[in-house]
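Student: Please find one structure pasted underneath; my questions will follow.
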Amino acid sequence: MLALPTRIGLISDTHGLLREEALAALQGSELIVHAGDVGRAEILDALRGIAPVVAVSGNVDTAEWAAALPLAEVVEANGARLYVLHNLNDLDLNPRVAGFDIVITGHTHRPVQFEKDGVLFINPGSAGPRRFELPIGLARLRVGEKPWQVEFVSCSGRTSG
């Protein structure tokens, strides 16, 4: 893994489906963070073809291959400390007090970003199968300089993996 990644691809809730548009949108990432509900090990293999991957387990990741995925992960990226977990409702620490700058989650399939107590919270949404009328997409995070930049990217159409 790069010591100081500044371009981070954020993806979640693939549920075993990896779209060509998602792969294209993640090109140029120096690190990819998958916030759970991966669905199949092959998803992570395909993502590793682009950049190093940090992934956490989601509620659908119950197969034997997923046993190695942690429930939460800490990522250091160019001076920013990220805390990654699938469901924000499972956050059992105060990220500001614990020294985290950014919290990355998934689960809701809704892309959202907000700040609370000086901590940036990002849910990239779902890049997997469409759920209700929610958008399909992911996010790109740049931590090269402040203010950090978050870009939500729409993904739909062809699939891979």
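The values are calculated or read from the model by the stated rules, or taken from the named source; none is laboratory data. Since this is a predicted model, take the numbers as computed values, not measurements. Every residue, glycine as well, gets a Cβ built from its backbone with ideal geometry; the counts of neighbours run over all protein chains shown. Calculation scope for accessible area: heavy atoms of the full protein, side chains included, ligands and nucleic acids excluded. Shrake-Rupley method; radii C 1.70, N 1.55, O 1.52, S 1.80 Å.
Student: Considering only the chain, what is the antiparallel percent among its DSSP beta bridges, to the nearest 5?
Tutor: Restricted to the chain, the bridges split so that about 60 percent are antiparallel.
Student: Going from most exposed to least, what order do L23, L71 have by accessible area with a 1.4 Å probe?
Tutor: So, going from the largest accessible area down, we get L71, L23.
Student: Calculate, in nm to one decimal, what V97 and V74 gain on full extension: separation in residues at 0.36 nm each, minus their alpha carbon distance.
Tutor: Answer, rounded to one decimal: 6.8 nm.
Student: Roughly what % of Cα-Cα distances in the chain sit above 18 Å, to the whole percent?
Tutor: That fraction is 53 percent.
Student: Related question: Roughly how many whole Å is it from the C-alpha centroid of region 76-95 to that of region 119-142?
Tutor: Distance between centres, Cα-based: 16 Å.
Student: Springs between alpha-carbon pairs under 10 angstrom, Gaussian network model over the chain: which of A127, A24, A80 fluctuates most?
Tutor: Largest GNM mean-square fluctuation: A24.
Student: Only helical DSSP H runs with n ≥ 4 go in: add -39500 (n - 2.57) per run for the chain, normalise by residue count and round the 222 nm mean residue ellipticity to 500 deg cm²/dmol.
Tutor: Details: 2 runs with 15 residues, N = 161.
Calculated mean residue ellipticity at 222 nm is -2500 deg cm²/dmol.
Student: Now, a different point. What is the magnitude of the charge dipole of region 23-72 about its Cα centre, with +1 placed on the Cβ of each Lys and Arg, -1 on the Cβ of each Asp and Glu, and no other charges, expressed in debye to the nearest 20?
Tutor: I would put it at about 80 debye.
Student: Quick check: net charge around A55, other residues with Cβ under 13 Å of its Cβ, Lys/Arg +1 and Asp/Glu -1?
Tutor: Every neighbour counted, the sum reads -4.
Student: Accessible area per residue, 1.4 Å probe, Å², for the chain: what's the number?
Tutor: 48 Å²
Student: Report, in debye and to the nearest 20, how large the dipole of region 41-110 comes out about its Cα centre when Lys and Arg carry +1 and Asp and Glu carry -1 on their Cβ.
Tutor: That gives a dipole near 280 debye.
Student: Please report, as a whole percent, how much of the solvent-accessible surface of the chain comes from carbon and sulfur atoms (probe radius 1.4 Å).
Tutor: Answer for the chain is 49 percent, counting heavy atoms of protein chains only.
Student: Suppose every K and R has +1 on its Cβ and every D and E has -1 on its Cβ; what is the size of the dipole of the chain about the Cα centre, in Debye to the nearest 20?
Tutor: With only Lys, Arg, Asp and Glu charged at Cβ, the dipole is about 340 debye.
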